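Here is the structure we will look at.
The values are calculated or read from the model by the stated rules, or taken from the named source; none is laboratory data. Because the structure is a prediction, the values reported are computed rather than measured. Cβ placement follows ideal geometry from the backbone for every residue including glycine, while neighbour counts extend to all protein chains displayed. Heavy atoms of the whole protein, side chains included, go into the accessibility calculation; ligands, DNA and RNA do not. Shrake-Rupley method; radii C 1.70, N 1.55, O 1.52, S 1.80 Å.
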Amino acid sequence: MKAIIYAIGAISVSLTVIPLFRYSAWWVRAGDFPRLQIAIISIAATAILAIFCRPFNFYCIALILLLLLSSAYQIYNIIPYVPFYPNQVEKTKRSKPERTIKLLISNVLIENRDSKKLIDLITDVKPDVVLLAESDERWLNELKQLDNDFQTSVKVPLNNGYGMALYSRLELTNTEVKYLVEDDVPSIHTEITLASGDKIKFFGLHPRPPIPTEATSTTERDAELVLVGKIVRDTEIPTVIAGDLNDVAWSRTTNLFQKISGMLDPRIGRGLYSSFHADYPFMRFPLDHVFHSNHFRLVELKRLRHIGSDHFPMLVVLNIENGADDSQEQPEANTADRKEANQMIKDAEEKTDKKLPDVESNSK
C-alpha cells in the first residue's frame, strides 16, 4: 500500500514539475492539462501518507511536503476558474440585450455517426452561428438540412479530423479560409453583421493537439494561437475567437495568447466548463474556447448536452455594450511575452519550412 502511494505521489509531483520547463515536447506539455486531477490526487495522497506513513521517515516527510507544494501550485493555476474568483468578463445588466451574437461551437468527432443529436440540439438552442470541428464530407451531407435554416455557410470538409464548418443566420463578409501554420489545418476568418447592424470579426480555429498520434510537440499549435493573437490585436472592431483549441484555459500558451491578442475569457470567475472528454467525468479538461474583445459583456455561457462526440458543445451569448471596453481591462503583452511568442513562431518555421510573420510590431 505504502509503495503504491509513494509511486502515485512521485508521479503527481513529476507531472507538476516537468511542465515548468519550457519545452514543447508533448510529454512535457501533457502536464498542463490535468491540473485539477493532479491537485485532487496530490491532496488524497498527502492525507493517506499522513495516516499510514508512521513512524515518519525522511522520504515520507519529503514526499508529503512536495505533494503539498504540488497541490498548492495546481490550485493556484486553476483558481481563476472557480466561481468566487473575480470575473474577467462582466455580466450584462440589460434586460433585453439587442446587439447579441449567440454562438454554438462543437467538435462533432469525425467517427461519431449520430448526427441527429447535433441537429436536434441546434434546433432547440437556435443559435445565430454554429462552428463545427472535425466535419468531413459525410458529416456535411448529414447536416444538409441546416442549409435551410442558416443563410450562409463556410464548409471545409477534410478526412484528417481538421475539417471545419461555419453556419450563420447572419451575413458573412470578407470570408477567408486560411492555413496559417500547417497546410492541412484550416481556420475560418470572417466578418459577421449582427442583427443590430454591428460588424464583428470572427475566427474559428482547431489546431492540432499535442498527442503522439497527431503531433510530437505543441510547436504548430502554439504558433497558430500566437499568430491569431497578433492578427486580432491589430483588429479594431469587436472580435470573437472560438473553437477546439486543443489547449487548456490555464496553460502558459493560452495565457500568452490572451496577452498577445488582448482577448478576454468569460469562464474566469465562473467555472471550468470542461468540454472534453465527454465520456469520462474524472478526465475532463476545458478544450473548447470562446475568447472575445472587451467590447462585449456576457449574456450566457453554458456547456450543452452530450451529442455522441468526445466533446460537449458549448454555447456563448455575447452582447456589444457601450462602455464595456472602459470597465473591462484587456490583457497586455510585454517585451518578454512578444519575445516568447516570436520564438514560438520561429520554432514553427523551422519545423514546417514555412515563413510566418513575427509579432514584434504588435505593441498596442
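When THR218, THR193 are screened for being out of contact with any Cys (no Cβ under 8 Å at 6 or more places or on another chain) and open to solvent by 10 Å² or more (accessible area, probe 1.4 Å), only THR193 passes. Checked against (1) at pLDDT 90 or above; (2) more than 17 Å from PHE285 (Cα to Cα); (3) open to solvent by less than 50 Å² (accessible area, probe 1.4 Å), LEU49 meets all criteria but (1). Among the residues of segment 294-309, those that are touching a Pro at 6+ places or on another chain (Cβ under 8 Å) and open to solvent by less than 10 Å² (accessible area, probe 1.4 Å) comprise PHE296, LEU298, ILE307. Of the residues making up segment 322-344, those that are touching a residue at least 24 places away in the same chain (Cβ under 8 Å), out of contact with any Phe, Trp or Tyr (no Cβ under 7 Å at 6 or more places or on another chain) and over 24 Å from SER24 (Cα atoms) are ASP325, SER327, GLN328, GLU329, GLN330.
Conditions tested, residue by residue: (1) in contact with a Ser or Thr (Cβ under 9 Å, 6 or more places away or on another chain); (2) under 25 Å from TRP139 (Cα atoms).
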residue: TYR73; (1), (2): yes, no
residue: PRO80; (1), (2): no, no
residue: PRO83; (1), (2): no, no
residue: GLU98; (1), (2): yes, no
residue: LEU103; (1), (2): no, yes
residue: ASN107; (1), (2): yes, yes
residue: ILE110; (1), (2): yes, yes
residue: ILE119; (1), (2): no, yes
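Annotation note: Cβ proximity below 8 Å between a residue of segment 45-68 that is farther than 11 Å from TYR6 by Cβ and part of a loop (DSSP other than H, G, I, E, B) and a residue that is of a type outside the set (Phe, Trp, Tyr) and modelled with pLDDT of 85 or more (sequence gap 6+ or interchain) occurs for no pair. Do we have ASP326 as assigned to a helix (DSSP H, G or I), open to solvent by 70 Å² or more (accessible area, probe 1.4 Å), out of contact with any strand residue (DSSP E or B) (no Cβ under 7 Å at 6 or more places or on another chain) and of a type outside the set (Lys, Arg) here? The answer is yes for ASP326.
The lone criterion from (1) open to solvent by 40 Å² or more (accessible area, probe 1.4 Å); (2) in contact (Cβ under 8 Å) with a residue 12 or more places away in the chain; (3) among the acidic types (Asp, Glu) left unmet by GLU236 is number (2).
One residue alone among ILE268, ILE188, ILE231 is in a strand (DSSP E or B) and either more than 16 Å from the chain's Cα centre (by Cα) or at pLDDT 95 or above (or both), and that residue is ILE188. The residues of segment 271-286 that are part of a loop (DSSP other than H, G, I, E, B), open to solvent by 10 Å² or more (accessible area, probe 1.4 Å) and in contact with a Ser or Thr (Cβ under 7 Å, 6 or more places away or on another chain) amount to a single one, ARG284. Residues of segment 69-86 that are part of a helix (DSSP H, G or I) and hydrophobic (A, V, I, L, M, F, W, C): LEU69, ALA72, ILE75, ILE78, ILE79.
Of the listed requirements (1) part of a helix (DSSP H, G or I); (2) more than 22 Å from ASP128 (Cβ to Cβ); (3) touching a strand residue (DSSP E or B) at 6+ places or on another chain (Cβ under 6 Å); (4) not hydroxyl-bearing (Ser, Thr, Tyr), VAL248 misses just one: (1).
Count, please, the residues in segment 87-134 that happen to be of a type in the set (Asp, Glu), open to solvent by 40 Å² or more (accessible area, probe 1.4 Å) and in a loop (DSSP other than H, G, I, E, B).
The number of residues fulfilling the criteria is 4.
In segment 196-211, the residue that is farthest from the chain's Cα centre (by Cα) out of those that are touching a residue at least 40 places away in the same chain (Cβ under 8 Å) and over 24 Å from LYS346 (Cβ atoms) is SER196.
When THR239, THR254, THR218 are screened for being more than 21 Å from LYS302 (Cα to Cα) and of a type outside the set (Lys, Arg), only THR218 passes.
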